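The structure appears right after this line, and notes come after that.
The values are calculated or read from the model by the stated rules, or taken from the named source; none is laboratory data. These numbers were taken from a predicted model, which means no experiment stands behind them. Because the Cβ atoms are built from the backbone with ideal geometry, glycine has one as well, and the counts that use them run over all protein chains shown.
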Number of protein chains: 2
Amino acid sequence: MKVVITGGTGFLGLRLARAILKRGELSGASGALEPVDQMVLFDAVTPAERPEGLDDRVEIVSGDISDRALVTSLISGESLSVFHFASVVSSGAEQDFDLAMKVNLDGGINVLEAARAAPGLPRVVFTSSFAVFGGSALPDTVTDATKITPMTTYGMTKVVNELLLNDYTRKDFLDGRGARLPTVIIRPGKPNKAASGFASGVFREPLSGIDFDLPVKNETRMAVSGYRTIVEGILALHEAESDAVGDDRSVNLPSITLTVAEMIEGLKRVAGDRPLGQINSALDPTIQAICDGWPGRGQSPRADALGLPADKGLDSIIRAYIEDYADAKRRPAAADQVITW
Amino acid sequence: MKVVITGGTGFLGLRLARAILKRGELSGASGALEPVDQMVLFDAVTPAERPEGLDDRVEIVSGDISDRALVTSLISGESLSVFHFASVVSSGAEQDFDLAMKVNLDGGINVLEAARAAPGLPRVVFTSSFAVFGGSALPDTVTDATKITPMTTYGMTKVVNELLLNDYTRKDFLDGRGARLPTVIIRPGKPNKAASGFASGVFREPLSGIDFDLPVKNETRMAVSGYRTIVEGILALHEAESDAVGDDRSVNLPSITLTVAEMIEGLKRVAGDRPLGQINSALDPTIQAICDGWPGRGQSPRADALGLPADKGLDSIIRAYIEDYADAKRRPAAADQVITW
């Protein structure tokens, strides 16, 4: 089978690609396991060098996801699965509404239309986000049943894609599944402009011996998950039986809720006698306000029922990062360092 | 000020147009009342004859709402309000997904983009629908806080427009408000193909002396509202102060819940000694299944708080229909008879 990952050279896209290559097979449209013999990583830019760990099944293609013809040519073939990660991120979408509409909305429709045009019912896994939740009526704890009223353009385009995914699936155009991601930690590489970036930076920078300016208060709470768990969750959602997903195709992925104080305690606990950069308070009212608008706690009963994995706690998340990146001899590949869309 | 009504020669569009012309003024973007000196009724087809009750302030324009340039040329000007009614209806959208995407989604974005491009913050009132509610997890009673998971393409496109309206408003591109309509009764003219059509037909046909084949069971429940109340509600939502609407811009309009048996009792009660056509049971499992998927009861706390009007009961709805249509000497104008999109 052929696997297409949009946003495929971003941090999560590459990790997913490597996990699929290692696994070697995925459930095809019929439900039977099929060998993955072709993979396309589609992204906005071509990485300066070919990322590590990709064998000759993998083709890297760069281009504009709002180009319907290009997307249709890539998302095609007899036996196909699609992971649609490509997206303008939260701060980018706030800064450039029209770009977000073009990439996230037109791009999303292009992916769905291409999968619709392909033979059979390709599985399409869409990465949504806890950023769909927002607004003055938002409860502190969000569940799969919480009304979705995003207060960012990023979140709005994510939930529109969720709704389209539902309808394309209901119409038997494709077999869509949506994974609503909490804040994913610990992202390697350079800081990005996401308002949630501190939730990775507060670990990553001190572990690299670099001082970190913390833009939010210690009592700020976030629903987070480790990247290993996220990638396994996305794969498990792809593998789930379609009927088990039900008519509302997007689920909250499991998350754990941590205060910033708990993050810092965990860092010190796991780091042991490693030298750590200092964490300095440098409140940024804009980032604080954005974080205060996010749900503090997420429940994921539907993902739990589907058997999607959950983090057992913070310590294993930090240990995984140390193993994968902080202690790794190699520098993270260039493409790991930024979110490219 | 200039008022543009898309779907303006449809049943509700025309009733709204006449109500605005009679009122003579609406709140402008600044909140101050301004005289309505220009009105455009935009629709997919030109009515065979000019509908009654429209004075020379009114221009009727026909065209394709997916034509961005045309929509932009109509929705323009210094002082502007827009009522966006144009839509492929429920059964039409199920039959032609691509047309629904073009008219309801592309068309909706065209309206929003045109209003965004106009000076100031035009008020844009969008008519959404209780058809946004659906799915296996739907509670029996829907409120403003119910999670929206439509199971029709029509409902999906409506909620996407609601979400876009929220974001265009949040970004200060325009001042949007959405009215989520229950089933509107009693529609005059010929039966249309809407699955909810029986809720008008069960009154209209017998009152015209015509036998009526009832496609659903007597215990079927529907959330309904009379068209006079709906038009007044849409106007009241336009007039509401923007801050009072809040960050989630669409509200459930008030409705009353009736079983089909209660509809028939009410008809007999109000009709008195008028001759009535017979109502015959002619179960249509498809229509029954669609109706069973709709919410049986709607609550509208936010519309109530905004002071939007509610029906006092069924009898006044039936009396209004008799006054407006059944007893009216004139036949309803041609354009009243069908939903044109």
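Overview of values
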{"quantity": "Subset of the stretch B:134-149 [assigned to a loop (DSSP other than H, G, I, E, B) and closer than 22 Å to A:Ser136 by Cα]", "calculated": "B:Thr143, B:Asp144, B:Ala145, B:Thr146, B:Lys147, B:Ile148, B:Thr149"}
{"quantity": "Condition check for A:Met1: in contact with a Lys or Arg (Cβ under 6 Å, 6 or more places away or on another chain) and either in contact (Cβ under 8 Å) with a residue 60 or more places away in the chain or under 19 Å from A:Ala86 (Cα atoms) (or both)", "calculated": "no"}
{"quantity": "Filter result for the condition that a residue is surrounded by 13 or more Cβ atoms within 10 Å (Cβ to Cβ) and either more than 14 Å from every other protein chain (Cβ to nearest Cβ) or hydrophobic (A, V, I, L, M, F, W, C) (or both), over A:Pro275, A:Pro309, A:Pro301", "calculated": "A:Pro309"}
{"quantity": "Residues being more than 25 Å from A:Phe173 (Cβ to Cβ) and surrounded by 18 or more Cβ atoms within 10 Å (Cβ to Cβ) - total across the stretch A:45-69", "calculated": "5"}
{"quantity": "Qualifying residues in the stretch A:247-263 (those that are in contact with a strand residue (DSSP E or B) (Cβ under 8 Å, 6 or more places away or on another chain) and in a loop (DSSP other than H, G, I, E, B)) - the one farthest from A:Lys217 (Cα to Cα)", "calculated": "A:Arg249"}
{"quantity": "Total residues in the stretch B:162-175, condition within 16 Å of B:Leu253 (Cβ to Cβ) and either modelled with pLDDT under 95 or not acidic (Asp, Glu) (or both)", "calculated": "1"}
{"quantity": "B:Ser76 within 14 Å of another protein chain (Cβ to nearest Cβ) and of a type outside the set (A, V, I, L, M, F, W, C)", "calculated": "no"}
{"quantity": "Single unsatisfied condition, B:Val111 versus (1) closer than 30 Å to B:Thr286 by Cβ; (2) of a type in the set (Val, Ile, Thr); (3) buried (at least 20 other Cβ atoms within 10 Å of the Cβ)", "calculated": "(1)"}
{"quantity": "Which numbered condition A:Leu105 misses (of (1) modelled with pLDDT of 95 or more; (2) away from every other protein chain (no Cβ under 14 Å))", "calculated": "(2)"}
{"quantity": "Selected residue (criterion: farthest from A:Lys102 (Cα to Cα)) from residues of the stretch A:5-33 that are in contact with an Asp or Glu (Cβ under 8 Å, 6 or more places away or on another chain) and surrounded by fewer than 16 Cβ atoms within 10 Å (Cβ to Cβ)", "calculated": "A:Leu33"}
{"quantity": "Any hit, the stretch A:154-163, residues being in a loop (DSSP other than H, G, I, E, B), surrounded by 24 or more Cβ atoms within 10 Å (Cβ to Cβ) and facing another protein chain (nearest Cβ under 8 Å)", "calculated": "no"}
{"quantity": "Among residues of the stretch B:47-63, those that are part of a loop (DSSP other than H, G, I, E, B) and in contact (Cβ under 8 Å) with a residue 24 or more places away in the chain, counted", "calculated": "9"}
{"quantity": "Unique match (being touching a Ser or Thr at 6+ places or on another chain (Cβ under 8 Å) and either buried (at least 19 other Cβ atoms within 10 Å of the Cβ) or not aliphatic (A, V, I, L, M) (or both)) among B:Thr229, B:Thr286, B:Thr259", "calculated": "B:Thr259"}
{"quantity": "Selection status of B:Pro139, touching a Phe, Trp or Tyr at 6+ places or on another chain (Cβ under 8 Å), in contact (Cβ under 8 Å) with a residue 12 or more places away in the chain, facing chain A (nearest Cβ under 10 Å) and not small (Gly, Ala, Ser)", "calculated": "no"}
{"quantity": "Verdict on A:Lys147 being more than 18 Å from A:Asn110 (Cβ to Cβ) and either surrounded by fewer than 24 Cβ atoms within 10 Å (Cβ to Cβ) or at pLDDT below 95 (or both)", "calculated": "yes"}
{"quantity": "From the options A:Glu34, A:Glu52, A:Glu78, A:Glu25, residue that is among the acidic types (Asp, Glu), over 18 Å from A:Val111 (Cα atoms) and modelled with pLDDT under 95", "calculated": "A:Glu52"}
{"quantity": "Sole residue being among the polar types (S, T, N, Q) and farther than 21 Å from B:Thr146 by Cβ, chosen from A:Thr157, A:Thr146", "calculated": "A:Thr157"}
{"quantity": "Residue satisfying all of: in the stretch B:244-259; without any contact (Cβ under 8 Å) to a residue 60 or more places away in the chain and of a type in the set (A, V, I, L, M, F, W, C); farthest from the other protein chains (Cβ to nearest Cβ) among these", "calculated": "B:Leu258"}
{"quantity": "Residue that is nearest to A:Thr220 (Cα to Cα) [pool: residues in the stretch A:266-322 that are assigned to a helix (DSSP H, G or I) and of a type in the set (Asp, Glu)]", "calculated": "A:Asp292"}
{"quantity": "Neighbours by Cβ (under 8 Å, 6+ apart or cross-chain): first from the stretch A:70-84, at positive phi and surrounded by fewer than 20 Cβ atoms within 10 Å (Cβ to Cβ); second of a type outside the set (S, T, N, Q) and in a strand (DSSP E or B)", "calculated": "A:Gly77/A:Lys2"}
{"quantity": "Residue within the stretch A:214-228 that is charged (D, E, K, R) and either in contact with a Leu (Cβ under 6 Å, 6 or more places away or on another chain) or assigned to a helix (DSSP H, G or I) (or both) present", "calculated": "yes"}
{"quantity": "Among (1) over 30 Å from A:Gly77 (Cβ atoms); (2) within 11 Å of chain B (Cβ to nearest Cβ); (3) in a helix (DSSP H, G or I); (4) out of contact with any strand residue (DSSP E or B) (no Cβ under 8 Å at 6 or more places or on another chain), the one test that A:Ala131 misses", "calculated": "(2)"}
{"quantity": "Scan of the stretch A:191-230 for residues that are under 17 Å from the mean Cα position of the chain (by Cα) and of a type in the set (Lys, Arg), ordered by number", "calculated": "A:Lys193, A:Arg228"}
{"quantity": "Condition check for A:Ala114: more than 14 Å from chain B (Cβ to nearest Cβ) and either assigned to a loop (DSSP other than H, G, I, E, B) or small (Gly, Ala, Ser) (or both)", "calculated": "yes"}
{"quantity": "The stretch B:166-204, subset closer than 22 Å to B:Arg302 by Cα and part of a helix (DSSP H, G or I), residue nearest to the other protein chains (Cβ to nearest Cβ)", "calculated": "B:Asp167"}
